[in-house]
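Only one structure is covered here, and it is reproduced in the block below.
The values are calculated or read from the model by the stated rules, or taken from the named source; none is laboratory data. The model shown is predicted, which means the values in this text are computed figures rather than measured ones. Using ideal geometry, Cβ is built from the backbone for each residue, glycine included, and neighbour counts are taken over all protein chains shown.
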Amino acid sequence: MLRSLRQFLADFSGRRADASRSPRGAMRWHRLACAMTPTFVPSFWQLVELLKEDRWAARAVAQRAAERFPDNADAWMLLGRAWLGVYRHQEALASFEQALVLQERPDAALAAGQIYRRSGQFPEAAARFARAYAAGGGPEALLQNAEALFEAGDAHAADEALALWATQVEDGESQARAVRAKRTTPRRAG
């Protein structure tokens with residue numbers, strides 16, 4: 001009974017926030033929804049979005065959501081994105097990896113792969129992109145997988161991924177040739 005009442009109040013607050021004409025009013029209603037809810041609700045995402053000017057406050061909201069709902073992959077995704085907002089990539093990576101532990105998600109695998117790739121860990125990046133593709137990430141995950149494999153030095157596996165990618169996009173063969181050409185063109189220093 002108490003749980004359903006709390007859920008009703010959280011849903012009501014979320015609707016009031018959506019109907020609010022001022023950002024401050026919406027923020028107050030979303031905060032109330034986040035405080036009342038017995039489950040992870042969209043108000044957490046919306047509150048973090050409203051707080052984007054104060055990135056550390058947004059991160060704090062996301063941190064509370066992950067602490068309160070540790071078994072919810074959405075809460076961990078929110079925290080990962082909030083950590084990226086304050087340029088803390090290792091903490092973001094840990095959050096995305098936790099989301100992957102809880103649920104096989106293409107968005108979590110793609111986000112983790114991008115962090116690995118930026119940090120020069122190309123085999124780990126390729127593994128996450130492959131995982132993203134397996135979870136339904138589509139052709140973009142395959143392309144990123146191929147590029148990470150090229151960067152990792154596994155040209156054969158990269159070509160296989162690129163060939164598979166070419167079958168899934170319009171005009172794939174010519175696009176694959178362009179990607180291969182870009183990879184084989186020496187980069188200029190400077």
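A few points about this structure:
- Residues (buried (at least 21 other Cβ atoms within 10 Å of the Cβ), hydrophobic (A, V, I, L, M, F, W, C) and assigned to a helix (DSSP H, G or I)) located in segment 51-72: Ala58, Val61, Ala62, Ala65, Ala66
- Filter pass, Ala94 being small (Gly, Ala, Ser) and out of contact with any helix residue (DSSP H, G or I) (no Cβ under 7 Å at 6 or more places or on another chain): yes
- Test: residue in segment 113-127 that is under 18 Å from Ala73 (Cα atoms), acidic (Asp, Glu), assigned to a helix (DSSP H, G or I) and at pLDDT 95 or above: no
- When Phe40 is tested against (1) of a type in the set (Phe, Trp, Tyr); (2) in a helix (DSSP H, G or I); (3) under 24 Å from the mean Cα position of the chain (by Cα), only condition (2) is not met.
- Check on Arg21, in a helix (DSSP H, G or I) and either under 22 Å from Ala94 (Cα atoms) or among the basic types (Lys, Arg) (or both): no
- So Asp54, is it of a type in the set (Asp, Glu) and over 23 Å from Arg3 (Cα atoms): yes
- Among residues of segment 100-132, those that are crowded, with 22+ Cβ neighbours inside 10 Å, more than 14 Å from the chain's Cα centre (by Cα) and aromatic (Phe, Trp, Tyr), counted: 0
- First in segment 111-129 and of a type in the set (Gly, Ala, Ser), second anywhere and not in a helix (DSSP H, G or I), Cβ under 8 Å, 6 or more apart: Ala126/Asp154
- Filtered residues of segment 128-146 (kept if farther than 20 Å from Leu84 by Cβ and either in contact with a His (Cβ under 7 Å, 6 or more places away or on another chain) or part of a helix (DSSP H, G or I) (or both)): Ala130, Tyr133, Ala134, Gly138, Pro139, Leu142, Leu143, Asn145, Ala146
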